Each structure stands twice: as C-alpha cells, then as structure tokens.
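Worksheet: the structure to be examined is printed underneath.
The values are calculated or read from the model by the stated rules, or taken from the named source; none is laboratory data. All values derive from a computational prediction rather than experimental measurement. Methodologically, a virtual Cβ is constructed for each residue, glycine included, from the backbone with ideal geometry; neighbour enumeration extends over all protein chains shown. Please note that ligands, DNA and RNA were not included when accessible areas were found on the heavy atoms of the full protein model with its side chains. Shrake-Rupley method; radii C 1.70, N 1.55, O 1.52, S 1.80 Å.
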Amino acid sequence: MKIRSAHSCLSGTIIIPASKSHTIRAVAIASVAEGISVLKNPLLSEDARSAVRAAQEMGAEITLDTDWLIKGLSGKPASR
C-alpha cells in the first residue's frame, strides 16, 4: 500500500477543559482568596458541583456560566 501526503496548512483553536481535580482545587483556592477569581473552561462534574456547594456554604459567592466567577472570602470562611 502506498500513501501520499500533500502539503497543507491547518489552523484553528481547541479548548481543552481542565481535569476534575484541577477544577475542584481551583474552586477551593478561589473561594478562600481575596477578590474575584475567574475559572475559564472548568470541567462541570458532580464532584465539582459538590465543591461549589461546599464553598457556597462557607460564604463564597459563585456564578456558574461558561466561565465561573468566584468571589473569595479573603481567608475568612463563615462558621455555622
């Protein structure tokens, strides 16, 4: 069998989501940080949703959209 390849120019962009563990770590770190953090292309999984709910229970304000916005607690999580 003979295979011929012709010269071509390919271009484009591929967005690769973060791993589940990277997303959960980013939620944890952003939730205790100062100010607003933006998570770009996080991996939405049930475990990530659980991490978001836990951070919200501590008082972090989180908006889930294409990018996630997390208003951190400046190192002072709420106690319940």
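What size of dipole, in debye to the nearest 20, comes out for the chain about its Cα centre when the only charges are +1 on Lys and Arg C-beta atoms and -1 on Asp and Glu C-beta atoms?
Roughly 360 debye for the chain.
Of the residues H22, H7, ranked by 1.4 Å probe accessible area with the largest first, the sequence reads H7, H22. Sequence neighbours fewer than 8 away in the same chain don't count; with that in mind, list the lysines whose C-alpha is under 29 Å from K71. Straight-distance partners of K71: K20, K40. Heavy-atom accessible area for I29, with the other protein chains in place and a 1.4 Å probe, reaches approximately 120 Å².
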